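Student: Please find one structure pasted underneath; my questions will follow.
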Amino acid sequence: MPSPISATLVWFRKDLRLGDNRALVAAIQNGQPVIAIYIREPQNAETGPLGAAQAWWLHHSLKSLADALQQRGSRLILRSGPAATVLEDLIRETGANAVHWNRRYDPAGMAIDTEIKTRLRQAGLEARSHSGFLLHEPSQVKTGSGGPYRVYTPFWRAIERGGDPPPPLAAPDALQAPANWPDSDALESWKLLPTKPNWAKSFEGIWTPGEDGAQKRLEHFLKVGIKGYRSRRDFPAADSTSQLSAHLALGEISPARIWHGTLDLPDAIASEDIVHFRKELVWRDFSYHLLFHFPTLREENWNAKFDGFPWVKNQTLLQAWQQGRTGYPIVDAGMRQLWQHGTMHNRVRMIAASFLIKDLMIDWRDGEAWFRDTLVDADPASNAASWQWVAGSGADASPFFRIFNPITQGEKFDPDGAYIRQFLPELAKLPNSLIHKPFEAPTPILAKAGVVLGSTYPAPIVEHKLAREKALAAYKALSADD
Ligand code: FAD
(Lines give C-alpha, C1' and ligand atoms only; values in the text may rest on other atoms or scores of the structure.)
Protein backbone atom coordinates (compact mmCIF):
# COMPACT_ATOMS: atom_id res chain seq x y z
CA MET A 1 0.00 0.00 0.00
CA PRO A 2 1.48 3.41 -0.88
CA SER A 3 1.62 5.71 2.10
CA PRO A 4 -1.18 8.30 2.15
CA ILE A 5 -0.12 11.68 0.81
CA SER A 6 -0.30 14.31 3.50
CA ALA A 7 0.21 17.39 1.35
CA THR A 8 1.41 18.04 -2.17
CA LEU A 9 3.77 20.86 -3.05
CA VAL A 10 3.27 22.56 -6.40
CA TRP A 11 6.48 24.31 -7.34
CA PHE A 12 5.60 27.26 -9.62
CA ARG A 13 8.36 28.54 -11.89
CA LYS A 14 7.73 29.82 -15.42
CA ASP A 15 4.08 28.76 -15.22
CA LEU A 16 2.54 31.55 -13.18
CA ARG A 17 -1.06 30.59 -13.93
CA LEU A 18 -3.87 28.42 -12.61
CA GLY A 19 -5.45 27.61 -15.99
CA ASP A 20 -3.98 24.82 -18.13
CA ASN A 21 -1.49 23.98 -15.42
CA ARG A 22 -0.85 20.24 -15.47
CA ALA A 23 1.30 20.21 -12.35
CA LEU A 24 -1.49 21.89 -10.38
CA VAL A 25 -4.19 19.59 -11.73
CA ALA A 26 -2.10 16.49 -10.96
CA ALA A 27 -1.41 17.77 -7.45
CA ILE A 28 -5.12 18.31 -6.83
CA GLN A 29 -5.82 14.78 -8.04
CA ASN A 30 -3.70 13.50 -5.15
CA GLY A 31 -6.69 14.44 -3.01
CA GLN A 32 -4.62 16.12 -0.30
CA PRO A 33 -3.97 19.73 0.68
CA VAL A 34 -2.02 21.60 -1.96
CA ILE A 35 0.73 24.06 -1.07
CA ALA A 36 1.76 26.40 -3.89
CA ILE A 37 5.32 27.66 -3.68
CA TYR A 38 7.62 29.93 -5.67
CA ILE A 39 11.33 29.82 -5.01
CA ARG A 40 13.62 32.73 -5.74
CA GLU A 41 16.63 30.67 -6.77
CA PRO A 42 20.17 32.09 -6.75
CA GLN A 43 20.83 33.72 -10.09
CA ASN A 44 23.05 31.49 -12.12
CA ALA A 45 25.70 32.18 -14.66
CA GLU A 46 24.32 29.94 -17.36
CA THR A 47 20.84 31.30 -17.89
CA GLY A 48 22.06 34.71 -16.78
CA PRO A 49 20.59 36.82 -14.02
CA LEU A 50 16.95 37.86 -14.13
CA GLY A 51 16.88 41.07 -16.14
CA ALA A 52 15.66 44.27 -14.51
CA ALA A 53 12.61 44.68 -16.78
CA GLN A 54 11.50 41.10 -16.24
CA ALA A 55 12.04 41.44 -12.50
CA TRP A 56 9.40 44.21 -12.58
CA TRP A 57 7.07 41.87 -14.44
CA LEU A 58 7.77 38.98 -12.07
CA HIS A 59 6.78 41.07 -9.05
CA HIS A 60 3.36 41.84 -10.50
CA SER A 61 2.89 38.35 -11.85
CA LEU A 62 3.56 36.76 -8.45
CA LYS A 63 1.15 39.21 -6.86
CA SER A 64 -1.51 38.29 -9.39
CA LEU A 65 -0.95 34.55 -8.83
CA ALA A 66 -1.09 34.99 -5.06
CA ASP A 67 -4.41 36.87 -5.39
CA ALA A 68 -5.86 34.15 -7.64
CA LEU A 69 -4.85 31.48 -5.13
CA GLN A 70 -6.33 33.46 -2.28
CA GLN A 71 -9.65 33.68 -4.11
CA ARG A 72 -9.62 29.87 -4.09
CA GLY A 73 -8.91 29.56 -0.39
CA SER A 74 -5.20 29.06 -0.85
CA ARG A 75 -1.88 30.95 -0.70
CA LEU A 76 1.40 31.37 -2.54
CA ILE A 77 4.38 30.61 -0.33
CA LEU A 78 7.52 32.52 -1.30
CA ARG A 79 10.96 31.27 -0.29
CA SER A 80 14.53 32.14 -1.32
CA GLY A 81 17.55 29.89 -1.71
CA PRO A 82 18.79 26.90 -3.69
CA ALA A 83 15.70 24.98 -4.80
CA ALA A 84 16.82 21.62 -3.35
CA THR A 85 17.38 23.11 0.11
CA VAL A 86 14.13 25.10 0.09
CA LEU A 87 12.13 22.07 -0.99
CA GLU A 88 13.70 19.87 1.69
CA ASP A 89 12.87 22.50 4.34
CA LEU A 90 9.27 22.76 3.15
CA ILE A 91 8.85 18.99 3.04
CA ARG A 92 10.10 18.77 6.62
CA GLU A 93 7.91 21.65 7.80
CA THR A 94 4.70 20.55 6.10
CA GLY A 95 5.04 16.76 6.04
CA ALA A 96 4.45 16.86 2.27
CA ASN A 97 5.38 13.71 0.42
CA ALA A 98 4.75 14.76 -3.15
CA VAL A 99 6.16 17.56 -5.31
CA HIS A 100 4.87 18.49 -8.76
CA TRP A 101 6.17 21.03 -11.25
CA ASN A 102 5.98 21.97 -14.92
CA ARG A 103 9.17 21.47 -16.87
CA ARG A 104 11.63 24.19 -17.83
CA TYR A 105 14.10 23.79 -20.65
CA ASP A 106 17.07 26.06 -20.00
CA PRO A 107 20.19 23.97 -19.36
CA ALA A 108 20.85 25.23 -15.82
CA GLY A 109 17.22 24.80 -14.79
CA MET A 110 17.05 21.29 -16.24
CA ALA A 111 20.21 20.23 -14.38
CA ILE A 112 18.74 21.46 -11.08
CA ASP A 113 15.41 19.73 -11.71
CA THR A 114 16.98 16.40 -12.66
CA GLU A 115 19.02 16.31 -9.49
CA ILE A 116 16.05 17.27 -7.33
CA LYS A 117 13.83 14.63 -8.90
CA THR A 118 16.44 11.94 -8.22
CA ARG A 119 16.96 13.05 -4.62
CA LEU A 120 13.26 13.24 -3.83
CA ARG A 121 12.53 9.86 -5.35
CA GLN A 122 15.46 8.32 -3.50
CA ALA A 123 13.94 9.69 -0.31
CA GLY A 124 10.68 7.88 -1.19
CA LEU A 125 8.70 10.97 -2.25
CA GLU A 126 6.55 11.37 -5.30
CA ALA A 127 8.33 13.82 -7.65
CA ARG A 128 6.65 14.45 -10.99
CA SER A 129 7.27 16.94 -13.77
CA HIS A 130 4.68 17.92 -16.39
CA SER A 131 4.51 19.57 -19.79
CA GLY A 132 2.87 22.87 -20.66
CA PHE A 133 5.51 25.55 -21.24
CA LEU A 134 5.80 24.58 -24.91
CA LEU A 135 3.42 23.23 -27.52
CA HIS A 136 5.47 20.05 -27.77
CA GLU A 137 8.27 18.50 -25.77
CA PRO A 138 11.64 19.21 -27.44
CA SER A 139 12.74 15.62 -26.86
CA GLN A 140 9.73 14.26 -28.72
CA VAL A 141 9.94 16.18 -31.99
CA LYS A 142 12.44 14.23 -34.09
CA THR A 143 13.65 14.17 -37.66
CA GLY A 144 13.19 11.05 -39.80
CA SER A 145 16.57 9.81 -38.61
CA GLY A 146 15.68 10.41 -34.97
CA GLY A 147 17.81 13.52 -34.39
CA PRO A 148 16.96 17.13 -33.58
CA TYR A 149 15.82 19.60 -36.22
CA ARG A 150 18.24 22.29 -37.34
CA VAL A 151 16.01 23.95 -39.90
CA TYR A 152 12.72 25.66 -39.08
CA THR A 153 10.51 24.73 -42.06
CA PRO A 154 10.71 20.93 -41.60
CA PHE A 155 10.27 21.50 -37.84
CA TRP A 156 7.07 23.45 -38.55
CA ARG A 157 5.85 20.72 -40.90
CA ALA A 158 6.45 18.10 -38.23
CA ILE A 159 4.44 20.16 -35.72
CA GLU A 160 1.67 20.68 -38.26
CA ARG A 161 1.57 16.95 -39.03
CA GLY A 162 1.37 16.19 -35.30
CA GLY A 163 -1.97 18.03 -35.04
CA ASP A 164 -3.25 20.30 -32.33
CA PRO A 165 -1.69 20.22 -28.84
CA PRO A 166 -3.94 18.78 -26.09
CA PRO A 167 -6.81 21.13 -25.20
CA PRO A 168 -6.16 23.46 -22.26
CA LEU A 169 -7.32 22.42 -18.80
CA ALA A 170 -9.64 24.59 -16.73
CA ALA A 171 -8.40 26.42 -13.65
CA PRO A 172 -9.53 24.82 -10.36
CA ASP A 173 -12.41 26.52 -8.51
CA ALA A 174 -10.98 25.81 -5.07
CA LEU A 175 -7.88 24.35 -3.48
CA GLN A 176 -7.73 22.32 -0.31
CA ALA A 177 -5.70 24.22 2.30
CA PRO A 178 -3.33 22.56 4.80
CA ALA A 179 -4.09 22.73 8.53
CA ASN A 180 -1.07 25.00 9.01
CA TRP A 181 0.55 27.24 6.48
CA PRO A 182 4.35 27.36 6.27
CA ASP A 183 6.03 30.78 6.56
CA SER A 184 6.44 32.87 3.45
CA ASP A 185 8.80 35.71 2.50
CA ALA A 186 7.05 39.01 1.87
CA LEU A 187 7.10 39.76 -1.86
CA GLU A 188 8.21 43.35 -1.19
CA SER A 189 11.31 42.07 0.62
CA TRP A 190 12.55 40.65 -2.69
CA LYS A 191 12.89 44.20 -4.02
CA LEU A 192 12.07 43.25 -7.61
CA LEU A 193 10.70 46.70 -8.42
CA PRO A 194 12.99 49.59 -9.30
CA THR A 195 12.85 52.51 -6.91
CA LYS A 196 15.31 55.35 -7.22
CA PRO A 197 14.64 56.11 -10.01
CA ASN A 198 11.46 54.21 -10.88
CA TRP A 199 12.34 53.79 -14.55
CA ALA A 200 9.48 51.31 -15.01
CA LYS A 201 6.77 53.94 -14.41
CA SER A 202 5.82 53.95 -18.08
CA PHE A 203 5.39 50.15 -18.06
CA GLU A 204 2.35 50.51 -15.86
CA GLY A 205 0.15 52.09 -18.49
CA ILE A 206 0.80 49.44 -21.10
CA TRP A 207 1.26 46.10 -19.38
CA THR A 208 -0.98 44.03 -17.12
CA PRO A 209 1.18 41.15 -15.89
CA GLY A 210 -0.65 38.06 -14.71
CA GLU A 211 -3.02 35.44 -16.02
CA ASP A 212 -6.03 37.75 -16.42
CA GLY A 213 -3.94 40.28 -18.34
CA ALA A 214 -2.68 37.50 -20.62
CA GLN A 215 -6.17 36.21 -21.29
CA LYS A 216 -7.42 39.71 -22.12
CA ARG A 217 -4.49 40.25 -24.51
CA LEU A 218 -5.34 37.01 -26.27
CA GLU A 219 -9.02 37.94 -26.59
CA HIS A 220 -8.16 41.41 -27.91
CA PHE A 221 -5.75 39.96 -30.45
CA LEU A 222 -8.20 37.34 -31.69
CA LYS A 223 -10.84 40.03 -32.05
CA VAL A 224 -8.84 42.79 -33.74
CA GLY A 225 -5.19 41.84 -34.34
CA ILE A 226 -5.22 38.53 -36.15
CA LYS A 227 -7.23 39.82 -39.11
CA GLY A 228 -4.55 40.83 -41.60
CA TYR A 229 -1.77 39.61 -39.25
CA ARG A 230 0.35 38.18 -42.05
CA SER A 231 0.78 41.47 -43.89
CA ARG A 232 0.39 43.92 -40.98
CA ARG A 233 2.68 42.24 -38.44
CA ASP A 234 5.78 43.91 -39.90
CA PHE A 235 4.56 47.46 -39.34
CA PRO A 236 5.69 48.67 -35.92
CA ALA A 237 3.11 51.46 -35.63
CA ALA A 238 0.18 49.07 -36.14
CA ASP A 239 -1.52 47.24 -33.25
CA SER A 240 -1.27 44.02 -35.19
CA THR A 241 0.69 41.53 -33.12
CA SER A 242 -0.49 39.71 -30.02
CA GLN A 243 1.93 41.22 -27.44
CA LEU A 244 1.75 37.90 -25.67
CA SER A 245 5.48 37.16 -25.49
CA ALA A 246 6.06 38.54 -21.98
CA HIS A 247 3.04 36.61 -20.67
CA LEU A 248 4.43 33.48 -22.33
CA ALA A 249 7.94 34.07 -20.97
CA LEU A 250 6.69 33.61 -17.39
CA GLY A 251 4.01 31.11 -18.32
CA GLU A 252 0.98 33.23 -17.45
CA ILE A 253 -0.73 31.66 -20.42
CA SER A 254 0.06 28.36 -22.09
CA PRO A 255 0.94 28.22 -25.78
CA ALA A 256 -1.65 25.44 -26.08
CA ARG A 257 -4.37 27.85 -24.92
CA ILE A 258 -3.25 30.38 -27.53
CA TRP A 259 -3.17 27.71 -30.23
CA HIS A 260 -6.65 26.52 -29.31
CA GLY A 261 -7.83 30.13 -29.37
CA THR A 262 -6.99 30.16 -33.08
CA LEU A 263 -9.24 27.18 -33.85
CA ASP A 264 -12.82 27.90 -34.94
CA LEU A 265 -12.29 31.61 -35.62
CA PRO A 266 -14.93 33.38 -37.77
CA ASP A 267 -14.69 32.84 -41.56
CA ALA A 268 -13.83 36.52 -42.03
CA ILE A 269 -10.34 35.74 -40.73
CA ALA A 270 -8.21 34.38 -43.54
CA SER A 271 -6.53 31.07 -42.89
CA GLU A 272 -3.20 32.54 -44.06
CA ASP A 273 -3.35 34.95 -41.09
CA ILE A 274 -4.12 32.16 -38.65
CA VAL A 275 -1.43 29.85 -40.00
CA HIS A 276 1.15 32.63 -40.00
CA PHE A 277 0.42 33.43 -36.38
CA ARG A 278 0.75 29.75 -35.43
CA LYS A 279 4.05 29.66 -37.28
CA GLU A 280 5.35 32.47 -35.08
CA LEU A 281 4.27 30.59 -31.99
CA VAL A 282 6.16 27.60 -33.34
CA TRP A 283 9.33 29.74 -33.69
CA ARG A 284 9.23 29.87 -29.90
CA ASP A 285 9.10 26.07 -29.71
CA PHE A 286 11.87 25.86 -32.33
CA SER A 287 14.09 28.18 -30.24
CA TYR A 288 13.61 25.89 -27.25
CA HIS A 289 14.22 22.87 -29.43
CA LEU A 290 17.59 24.42 -30.34
CA LEU A 291 18.45 25.34 -26.74
CA PHE A 292 17.45 21.90 -25.49
CA HIS A 293 19.64 20.08 -27.99
CA PHE A 294 22.46 22.65 -28.12
CA PRO A 295 22.70 23.97 -24.57
CA THR A 296 25.50 26.49 -25.28
CA LEU A 297 23.29 28.47 -27.66
CA ARG A 298 23.48 31.61 -25.51
CA GLU A 299 27.24 31.62 -25.09
CA GLU A 300 28.66 30.10 -28.25
CA ASN A 301 28.30 30.60 -31.97
CA TRP A 302 26.22 27.75 -33.29
CA ASN A 303 28.39 27.94 -36.40
CA ALA A 304 31.98 27.78 -35.09
CA LYS A 305 33.18 29.59 -38.22
CA PHE A 306 32.12 32.81 -36.46
CA ASP A 307 34.54 32.18 -33.59
CA GLY A 308 37.19 33.99 -35.59
CA PHE A 309 35.06 37.04 -36.42
CA PRO A 310 36.92 40.29 -35.62
CA TRP A 311 34.33 41.79 -33.25
CA VAL A 312 34.91 45.42 -32.33
CA LYS A 313 35.13 46.27 -28.63
CA ASN A 314 33.93 49.84 -28.37
CA GLN A 315 32.01 51.01 -25.30
CA THR A 316 31.11 54.38 -26.86
CA LEU A 317 29.45 52.78 -29.88
CA LEU A 318 27.74 50.15 -27.72
CA GLN A 319 26.32 52.83 -25.44
CA ALA A 320 25.13 54.94 -28.36
CA TRP A 321 23.19 51.90 -29.57
CA GLN A 322 21.84 51.08 -26.11
CA GLN A 323 20.67 54.65 -25.57
CA GLY A 324 19.14 55.08 -29.02
CA ARG A 325 21.67 57.68 -30.20
CA THR A 326 23.02 56.10 -33.40
CA GLY A 327 21.65 58.80 -35.72
CA TYR A 328 19.52 56.22 -37.58
CA PRO A 329 15.90 56.93 -36.58
CA ILE A 330 14.44 53.44 -36.93
CA VAL A 331 17.24 51.96 -34.79
CA ASP A 332 16.98 54.74 -32.20
CA ALA A 333 13.18 54.60 -32.02
CA GLY A 334 13.40 50.85 -31.38
CA MET A 335 16.01 51.23 -28.67
CA ARG A 336 13.95 53.99 -26.99
CA GLN A 337 10.80 51.86 -27.20
CA LEU A 338 12.78 49.12 -25.47
CA TRP A 339 13.85 51.48 -22.70
CA GLN A 340 10.46 53.11 -22.24
CA HIS A 341 8.15 50.11 -22.68
CA GLY A 342 10.38 47.08 -22.07
CA THR A 343 9.62 45.77 -25.54
CA MET A 344 10.45 46.37 -29.19
CA HIS A 345 8.52 45.42 -32.28
CA ASN A 346 9.91 42.27 -33.95
CA ARG A 347 10.80 43.95 -37.25
CA VAL A 348 12.66 46.69 -35.39
CA ARG A 349 14.43 44.12 -33.20
CA MET A 350 15.85 42.63 -36.40
CA ILE A 351 16.93 46.03 -37.74
CA ALA A 352 18.47 47.16 -34.43
CA ALA A 353 20.25 43.83 -33.96
CA SER A 354 21.59 43.89 -37.51
CA PHE A 355 22.88 47.43 -36.92
CA LEU A 356 24.77 46.40 -33.78
CA ILE A 357 26.26 43.28 -35.31
CA LYS A 358 26.95 44.41 -38.85
CA ASP A 359 27.18 48.21 -38.94
CA LEU A 360 29.04 48.45 -35.62
CA MET A 361 30.56 44.94 -35.77
CA ILE A 362 29.88 44.46 -32.06
CA ASP A 363 29.52 40.89 -30.80
CA TRP A 364 25.90 39.65 -30.83
CA ARG A 365 26.40 38.49 -27.23
CA ASP A 366 26.59 42.14 -26.08
CA GLY A 367 23.24 42.76 -27.75
CA GLU A 368 21.74 39.60 -26.29
CA ALA A 369 22.81 40.68 -22.80
CA TRP A 370 21.30 44.17 -23.21
CA PHE A 371 18.01 42.76 -24.48
CA ARG A 372 17.97 40.25 -21.60
CA ASP A 373 18.18 43.08 -19.11
CA THR A 374 15.68 45.41 -20.76
CA LEU A 375 13.00 43.22 -22.36
CA VAL A 376 9.95 42.24 -20.34
CA ASP A 377 9.74 39.14 -22.56
CA ALA A 378 13.43 38.20 -22.10
CA ASP A 379 13.64 34.52 -22.83
CA PRO A 380 16.78 32.36 -22.78
CA ALA A 381 15.85 30.46 -25.93
CA SER A 382 14.09 33.03 -28.15
CA ASN A 383 16.60 35.77 -27.36
CA ALA A 384 19.72 33.70 -28.02
CA ALA A 385 18.26 31.98 -31.09
CA SER A 386 17.07 35.30 -32.56
CA TRP A 387 20.40 37.06 -32.00
CA GLN A 388 22.25 34.19 -33.64
CA TRP A 389 19.68 34.23 -36.44
CA VAL A 390 20.43 37.90 -37.19
CA ALA A 391 24.19 37.40 -36.79
CA GLY A 392 24.16 34.58 -39.32
CA SER A 393 25.94 32.35 -36.81
CA GLY A 394 22.79 30.45 -35.81
CA ALA A 395 20.83 27.44 -36.98
CA ASP A 396 18.83 28.18 -40.13
CA ALA A 397 20.03 31.78 -39.80
CA SER A 398 19.67 34.75 -42.06
CA PRO A 399 22.94 34.83 -44.06
CA PHE A 400 25.51 37.33 -42.73
CA PHE A 401 25.60 39.17 -46.05
CA ARG A 402 21.92 40.10 -45.69
CA ILE A 403 22.49 43.43 -43.99
CA PHE A 404 19.44 45.51 -43.14
CA ASN A 405 19.51 49.03 -44.52
CA PRO A 406 18.13 51.14 -41.66
CA ILE A 407 16.87 53.85 -44.01
CA THR A 408 14.98 51.74 -46.53
CA GLN A 409 13.66 49.44 -43.80
CA GLY A 410 12.27 52.47 -42.00
CA GLU A 411 10.73 53.84 -45.18
CA LYS A 412 9.16 50.51 -46.04
CA PHE A 413 7.74 49.55 -42.66
CA ASP A 414 7.03 52.97 -41.16
CA PRO A 415 6.15 54.92 -44.30
CA ASP A 416 4.39 57.79 -42.53
CA GLY A 417 6.95 57.92 -39.71
CA ALA A 418 4.32 57.29 -37.02
CA TYR A 419 6.62 54.97 -35.07
CA ILE A 420 9.53 57.43 -35.28
CA ARG A 421 7.32 60.31 -34.14
CA GLN A 422 6.12 58.30 -31.13
CA PHE A 423 9.57 57.45 -29.81
CA LEU A 424 11.71 60.28 -31.22
CA PRO A 425 9.55 63.37 -30.68
CA GLU A 426 12.57 65.54 -31.49
CA LEU A 427 12.15 64.48 -35.14
CA ALA A 428 8.35 64.73 -35.21
CA LYS A 429 8.21 67.81 -37.39
CA LEU A 430 10.33 66.41 -40.21
CA PRO A 431 8.42 65.52 -43.38
CA ASN A 432 7.77 61.82 -44.06
CA SER A 433 10.25 61.86 -46.93
CA LEU A 434 13.15 62.75 -44.58
CA ILE A 435 12.14 61.38 -41.22
CA HIS A 436 14.17 58.19 -41.76
CA LYS A 437 17.24 60.11 -42.96
CA PRO A 438 17.48 63.49 -41.21
CA PHE A 439 21.16 63.65 -42.19
CA GLU A 440 20.07 64.12 -45.82
CA ALA A 441 17.68 66.96 -45.01
CA PRO A 442 18.58 70.41 -46.35
CA THR A 443 19.46 72.89 -43.60
CA PRO A 444 16.27 75.01 -43.98
CA ILE A 445 14.07 71.92 -43.53
CA LEU A 446 16.00 70.85 -40.45
CA ALA A 447 15.73 74.38 -39.08
CA LYS A 448 11.98 74.49 -39.73
CA ALA A 449 11.56 71.16 -37.92
CA GLY A 450 13.69 72.39 -35.00
CA VAL A 451 16.33 69.69 -35.58
CA VAL A 452 20.00 70.47 -35.01
CA LEU A 453 22.04 67.44 -35.98
CA GLY A 454 24.67 66.62 -33.37
CA SER A 455 22.68 68.59 -30.80
CA THR A 456 18.93 67.83 -30.66
CA TYR A 457 19.48 64.55 -32.52
CA PRO A 458 22.79 62.77 -33.23
CA ALA A 459 24.53 62.70 -36.57
CA PRO A 460 25.03 59.07 -37.76
CA ILE A 461 27.74 57.33 -35.71
CA VAL A 462 28.82 55.35 -38.79
CA GLU A 463 28.09 55.70 -42.46
CA HIS A 464 25.88 52.75 -43.33
CA LYS A 465 27.30 52.15 -46.81
CA LEU A 466 30.91 52.10 -45.61
CA ALA A 467 30.06 50.09 -42.49
CA ARG A 468 28.32 47.53 -44.66
CA GLU A 469 31.36 47.14 -46.91
CA LYS A 470 33.65 46.75 -43.90
CA ALA A 471 31.43 44.06 -42.40
CA LEU A 472 31.22 42.18 -45.69
CA ALA A 473 35.01 42.32 -46.06
CA ALA A 474 35.43 40.90 -42.54
CA TYR A 475 32.98 38.14 -43.36
CA LYS A 476 34.72 37.37 -46.65
CA ALA A 477 38.07 37.08 -44.88
CA LEU A 478 36.43 34.67 -42.46
CA SER A 479 35.04 32.58 -45.30
CA ALA A 480 38.46 32.53 -47.00
CA ASP A 481 39.90 30.91 -43.87
CA ASP A 482 37.54 27.92 -44.24
P1 FAD B 1 3.46 37.88 -32.20
O2 FAD B 1 3.79 38.33 -33.57
O3 FAD B 1 2.09 38.07 -31.73
O4 FAD B 1 3.84 36.33 -32.14
C5 FAD B 1 3.19 35.42 -31.25
C6 FAD B 1 4.19 34.74 -30.37
O7 FAD B 1 5.08 33.95 -31.15
C8 FAD B 1 5.07 35.68 -29.59
O9 FAD B 1 4.45 36.12 -28.42
C10 FAD B 1 6.30 34.82 -29.32
O11 FAD B 1 6.11 33.98 -28.21
C12 FAD B 1 6.38 33.95 -30.56
N13 FAD B 1 7.33 34.51 -31.51
C14 FAD B 1 7.11 35.43 -32.47
N15 FAD B 1 8.23 35.66 -33.18
C16 FAD B 1 9.19 34.89 -32.64
C17 FAD B 1 10.58 34.67 -32.93
N18 FAD B 1 11.19 35.30 -33.94
N19 FAD B 1 11.25 33.81 -32.17
C20 FAD B 1 10.66 33.14 -31.16
N21 FAD B 1 9.35 33.30 -30.84
C22 FAD B 1 8.63 34.15 -31.58
N23 FAD B 1 11.02 36.87 -28.24
C24 FAD B 1 10.87 36.57 -26.92
O25 FAD B 1 9.81 36.08 -26.53
N26 FAD B 1 11.87 36.82 -26.02
C27 FAD B 1 13.06 37.36 -26.39
O28 FAD B 1 13.95 37.54 -25.54
C29 FAD B 1 13.24 37.71 -27.76
N30 FAD B 1 14.39 38.29 -28.19
C31 FAD B 1 14.52 38.62 -29.52
C32 FAD B 1 15.73 39.19 -29.95
C33 FAD B 1 15.90 39.53 -31.29
C34 FAD B 1 17.22 40.14 -31.77
C35 FAD B 1 14.86 39.30 -32.22
C36 FAD B 1 15.03 39.67 -33.67
C37 FAD B 1 13.68 38.71 -31.81
C38 FAD B 1 13.50 38.36 -30.46
N39 FAD B 1 12.30 37.76 -30.01
C40 FAD B 1 12.16 37.43 -28.68
C41 FAD B 1 11.25 37.31 -30.98
C42 FAD B 1 10.13 38.33 -31.28
O43 FAD B 1 10.66 39.58 -31.57
C44 FAD B 1 9.12 38.46 -30.14
O45 FAD B 1 8.69 37.19 -29.70
C46 FAD B 1 7.90 39.25 -30.61
O47 FAD B 1 8.29 40.54 -31.03
C48 FAD B 1 6.89 39.36 -29.48
O49 FAD B 1 5.80 40.15 -29.87
P50 FAD B 1 4.35 39.51 -29.97
O51 FAD B 1 4.06 38.72 -28.74
O52 FAD B 1 3.44 40.63 -30.29
O53 FAD B 1 4.54 38.54 -31.20
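Student: In whole percent, what relative contact order does the chain give with Cα contacts below 8 Å and a gap of six or more residues?
Tutor: This gives 17 percent for the chain.
Student: Also: ASP359: accessible area at probe 1.4 Å, nearest 10 Å²?
Tutor: ASP359 has an accessible surface of roughly 10 Å² with all protein chains in place.
Student: Are there DSSP H segments in the chain that both extend 30 Å or more along their axis (alpha-carbon positions) and score a mean Kyte-Doolittle hydropathy of at least -0.5? List them, or say none.
Tutor: 271-293
Student: For the range 373-444, divide the Cα radius of gyration by the Kirkwood radius and give the resulting Rg/Rh value with two decimals.
Tutor: So for the range 373-444, dividing Rg by the Kirkwood Rh gives 1.11.
Student: May I pose another question? So if I restrict to the alpha-carbon atoms in the range 313-455, what is the Rg, and what is Dmax, the biggest pairwise distance, in Å?
Tutor: 15.1, 48
Student: How big, on average over all directions, is the shadow cast by the Cα convex hull of the range 263-384, in nm²?
Tutor: Its average projected convex-hull area is 9.5 nm².
Student: Given a 1.4 angstrom probe, I'd like the percentage of the accessible area of the range 173-309 that is carbon and sulfur, rounded to a whole number.
Tutor: 50 percent
Student: Can you give the accessible area per residue of the chain, in Å², using a 1.4 Å probe?
Tutor: Normalised by residue count, the accessible surface of the chain is 44 Å².
Student: Another question, then. Per the Kirkwood formula on distinct C-alpha pairs, the Rh of the range 171-228 is how many angstrom?
Tutor: About 15.7 Å for the range 171-228.
Student: Follow-up question, since we're still on this one. On the first, second and third principal axes, largest extent first, how far apart are the outermost C-alpha atoms of the chain in Å?
Tutor: That works out to 85, 49, 49 Å along the principal axes.
Student: Per the helix-only calculation at 222 nm, which mean residue ellipticity applies to the chain, given -39500 (n - 2.57) for every DSSP H run of n ≥ 4 and division by its residues, nearest 500 deg cm²/dmol?
Tutor: -13000 deg cm²/dmol
Student: In percent, how large is the relative contact order of the range 401-482, given Cα pairs closer than 8 Å and 6 or more residues apart?
Tutor: Relative CO of the range 401-482 lands at 24 percent.
Student: From the residues LEU90, PHE235, TRP207, which one has its Cα farthest along the dipole of the chain in the positive direction, the dipole being from +1 and -1 charges on Cβ of Lys/Arg and Asp/Glu about the Cα centre?
Tutor: PHE235
Student: Find the all-direction average of the projected area of the Cα convex hull for the range 82-194, expressing the result in square nanometres with one decimal place.
Tutor: Projected area, direction-averaged: 11.4 nm².
Student: Given the whole protein assembly as supplied and a 1.4 Å probe, what does the accessible area of TRP199 come to in Å², nearest 10?
Tutor: Only protein atoms counted, so the area is about 80 Å².
Student: Now, a different point. Given 5 Å bins starting at zero, what is the percent of C-alpha pairs of the range 390-482 in each, up to the one with the largest pair distance?
Tutor: 2, 12, 18, 19, 15, 11, 9, 7, 4, 1, 0
Student: Further, regarding this structure: Checking the cross-link filter: which aspartates and glutamates have an alpha carbon closer than 16 Å to that of LYS63, excluding same-chain neighbours under 8 positions apart?
Tutor: Of all the aspartates and glutamates, those that pass the test against LYS63 - Cα under 16 Å, at least 8 places apart if same chain - are ASP15, ASP185, GLU188, GLU204, GLU211, ASP212, GLU252.
Student: Can you return the lysines within cross-link range of LYS465? Criterion is Cα-Cα under 26 Å, with same-chain partners fewer than 8 residues away left out.
Tutor: LYS305, LYS313, LYS358, LYS412, LYS437, LYS476
Student: In percent, what relative contact order does the range 301-391 have, based on Cα pairs under 8 Å that are 6 or more apart in sequence?
Tutor: Contact order relative to length: 27 percent.
Student: Identify all aspartates and glutamates with a Cα-Cα distance to LYS429 below 19 Å; exclude those on the same chain that are fewer than 8 residues away in sequence.
Tutor: Cross-link targets: ASP332, GLU411, ASP414, ASP416, GLU440.
The values are calculated or read from the model by the stated rules, or taken from the named source; none is laboratory data. From a predicted model like this one, the values you see are computed outputs, not experimental measurements. No Cβ is skipped: glycine too gets one built from the backbone with ideal geometry, and neighbour counts run over all protein chains shown. The accessibility values were calculated without ligands, DNA or RNA, using every heavy atom of the protein model including side chains. Shrake-Rupley method; radii C 1.70, N 1.55, O 1.52, S 1.80 Å.
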